[in-house]
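Quick notes on the structure that follows.
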Amino acid sequence: MRLQIDERRCKGCNLCTLVCPYRIFKPGKRANRRGIVVPELDRPERCANCRLRHLYGRTLCGNCQMICPDQAISWKEDEEPVPKKVAIEY
Amino acid sequence: MSEEDWLRQDRLPHIFCAGCGNGTVINCTLSAVEQIGWKRQETVFVSGIGCSSRAPGYISTDSLHTTHGRALAFATGIKLANPQLNIVVFTGDGDLAAIGGNHFIHACRRNIDLTVVCLNNMIYGMTGGQGSPTTPMGGLSTTTPYGSGEPAFDLCGLATAAGANYVARWTSYHVRELTRAILTGLENPGFSFIESLVQCPTNYGRRNRFKQVADQIEYFKSHTILVEKAARMREKGEMIPPEMILAGEFVRRNRPALGVRP
Ligand SMILES: Cc1ncc(C[n+]2csc(CCOP(=O)(O)OP(=O)(O)O)c2C)c(N)n1
Ligand code: SF4
Ligand code: SF4
Ligand code: SF4
Ligand SMILES: [Mg+2]
């Protein structure tokens, strides 16, 4: 699973930065096209829900999603890695 | 199904200001209706007027956005006309306790089978920050520029005294506890009242020393005291500081209820 912030919904309130036990959300630095400073994700693969959701079959932790007043936080299923042939040139 | 299915995604982002606690309470409520397994076709959200009362407009069930203060009267009508429907009311502190005060006490007295979620931001948010019946002593608002000189209503005390079957209070910081309380309210027959304190950064927070959205959330975190702990303190004769927010379940009982499904 991959943690993601929907930039079309986020209003940059930074409440998510308060509640994550791993401090994955960091206040952003640059305003996006809508003028909103969306938080940045610091190594989101550490998120408990990303790692353990499938093992337990339910949402784990989920603090950030629950407190986000703008319903902007969700998880995306990882895409199956597609094997690729790589021609190595020397 | 998931909570996302309960949202009218074409209406998002909603109009609430950045960091407004209303959005968090919507999350908790939708998580509770999802957990209890209600069907969207059998669930109705009702509200009055105010920022908080715009919540049903973002939910994909049938809803009724009624007149100021009258959400409970409309909800009573729906429930009595069709007791098969599950009804959740979103209401603000002004909507419920000021203009709608009488509807509130009589709905509690009748103990009608509704779940009422009150988003208490301690202010009239929508109309620009006038004081409400829950503005705390000393709280600044556009109508109390020197600090409110009146004691605030204890909405949970009011609901308990008037006869509601289930009464609980939490805040927009306590998302898990709030979700569990709403779920218990949905399960409990009769009038279930869940009050959630919410931050209103625009009209309350910035006038009352909460410069950032996070400041008021930190305040909720550090100024709540569980009802059980408060009871123990009272037993020992200790003083509970007046600014503390009592949180938890105040009452869960089984008075005869109106509008319960046959
Ligand atoms: C009959 C009537 N009186 C007054 C108003 C103006 N009015 C609109 S919202 C509101 C107060 C809302 O406060 P609250 O219920 O606390 O909701 P909030 O916006 O704080 O969420 C008032 C007085 C109205 N719309 N209708
Ligand atoms: S809590 Fe939600 S809206 Fe607020 S900054 Fe985080 S993602 Fe954005
Ligand atoms: S689900 Fe929990 S661990 Fe994962 S990002 Fe959100 S708050 Fe952090
Ligand atoms: S005015 Fe206050 S209650 Fe209304 S949307 Fe803005 S922050 Fe929320
Ligand atoms: Mg209000």
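The set of residues from segment B:209-228 being touching a Gly at 6+ places or on another chain (Cβ under 9 Å) and surrounded by fewer than 14 Cβ atoms within 10 Å (Cβ to Cβ) comprises B:K211, B:L226, B:E228.
Do we find that B:S148 is over 20 Å from B:A55 (Cα atoms) and open to solvent by less than 30 Å² (accessible area, probe 1.4 Å) in this structure? So B:S148 fits the description; yes.
Looking only at residues of segment B:4-37 that are farther than 21 Å from B:N121 by Cα, touching a residue at least 60 places away in the same chain (Cβ under 8 Å) and open to solvent by 40 Å² or more (accessible area, probe 1.4 Å), we find that the one that is nearest to the other protein chains (Cβ to nearest Cβ) is B:Q35. Note on segment B:189-233: among residues that are hydroxyl-bearing (S, T, Y) and farther than 28 Å from B:A257 by Cα, the one that is farthest from ligand 1 (Cβ to nearest atom) is B:S222.
Sub-6 Å Cβ pairs linking a first residue in segment A:46-72 that is within 14 Å of chain B (Cβ to nearest Cβ) to a second residue that is surrounded by fewer than 16 Cβ atoms within 10 Å (Cβ to Cβ) and assigned to a helix (DSSP H, G or I), at least 6 apart or interchain, are A:L60/A:L52, ordered by first then second residue. Considering segment B:180-201, the residues that are open to solvent by less than 10 Å² (accessible area, probe 1.4 Å) and of a type outside the set (A, V, I, L, M, F, W, C) include one that is farthest from the chain's Cα centre (by Cα), namely B:G190. Of the residues examined, B:G77 is one that is over 14 Å from the mean Cα position of the chain (by Cα), more than 30 Å from B:N203 (Cα to Cα) and free of Cβ contacts under 8 Å to residues at least 12 places away in the same chain. Does B:E42 qualify as being more than 15 Å from the chain's Cα centre (by Cα), surrounded by fewer than 20 Cβ atoms within 10 Å (Cβ to Cβ) and within 14 Å of chain A (Cβ to nearest Cβ)? The answer is no for B:E42. Among the residues of segment A:80-89, is there at least one that is near ligand 2 (Cβ under 10 Å from one of its atoms) and either within 14 Å of another protein chain (Cβ to nearest Cβ) or open to solvent by 20 Å² or more (accessible area, probe 1.4 Å) (or both)? Taking every residue of segment A:80-89 in turn, none turns out to be near ligand 2 (Cβ under 10 Å from one of its atoms) and either within 14 Å of another protein chain (Cβ to nearest Cβ) or open to solvent by 20 Å² or more (accessible area, probe 1.4 Å) (or both). Among B:T115, B:T127, B:T135, B:T91, which is the only one that is more than 22 Å from B:Y58 (Cα to Cα) and either over 17 Å from the mean Cα position of the chain (by Cα) or surrounded by 15 or more Cβ atoms within 10 Å (Cβ to Cβ) (or both)? Exactly one residue qualifies, and that residue is B:T135.
The values are calculated or read from the model by the stated rules, or taken from the named source; none is laboratory data. All values derive from a computational prediction rather than experimental measurement. With ideal geometry, Cβ positions are generated from the backbone for all residues, glycine too; neighbour counts draw on all protein chains shown. Just so you know, the surface numbers come from the protein's heavy atoms only, side chains and all, with ligands and any DNA or RNA stripped out. Shrake-Rupley method; radii C 1.70, N 1.55, O 1.52, S 1.80 Å.
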